[in-house]
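Derivation of every value follows stated rules applied to the coordinates shown; laboratory data play no part. What you are looking at is a predicted structure, and each value in this text was computed from that prediction instead of being measured. In this analysis, Cβ positions are derived from the backbone assuming ideal geometry, glycine residues included, and neighbour counts consider all displayed protein chains.
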Amino acid sequence: MRRIGKLSVLVIVLSALQFACAVEPQEKQAEITDVTKVIDANYPNKRSELAILMRDLYNDLKDEKKLLENGDQSAINWMEKYGNMLEAEPTDLTDAAGTFEGYGKAFLFELKSYQESNKDNRISTYNGMIASCMNCHKAHCPGPMVIIKKLPVKETP
């Protein structure tokens, strides 16, 4: 009888483990495939045209930084890709008023300067573009400043 009791306990424990293992992957699978939660967690604000454009710009600038640090540059036509920034709909329409247009024009000037840069001034014009981003974000939408601060390339004398 004592042996049957131990066997019963063992069967119950093994059954419980089997059930627990069978249920857990389904729950994890549901978490993995529901990417909207991940996207919303990473981008809590509404994804306006301007917000999407800014995220693309950040990704391109991050990649450009790596290329510049290795003495190279991308083949991106920066003005073609980002020249319409002032026409993009912002998340909050009040952000498009006031000084935003001035900052935007200053950024587009820096963007064009970078696109037309040569090997001698490429890093300084890139850093000018990043400084322009920081200036605007100090006045409008300061959240991204944390990651923009990581974008400048150190200039070598």
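Residue exposure proxy: 86, 50, ordered by other Cβ atoms within 10 angstrom of their Cβ from fewest to most, comes out as 86, 50. Ranked by how many other Cβ atoms sit within 10 Å of their own Cβ, fewest first, the residues 107, 100 fall in the order 100, 107. Residues whose amide H falls under 5 Å from that of residue 117, counting only those 5 or more places apart or on a different chain, are absent, with hydrogens built in the peptide plane. For the stretch 127-141, the Karplus equation 6.51 cos²θ - 1.76 cosθ + 1.60, evaluated at θ = phi - 60°, returns couplings of 5, x, 5, 5, 4, 5, 4, 4, 4, 5, 5, 5, 8, 10, 6 Hz by residue, with Gly and Pro reported as x. Taking label points 7 Å from Cα along the Cα-to-Cβ direction, residue 73 and residue 131 give a separation of 1.7 nm. Panel order for 122, 55, by other beta carbons found within 10 Å of each beta carbon, from fewest to most: 55, 122.
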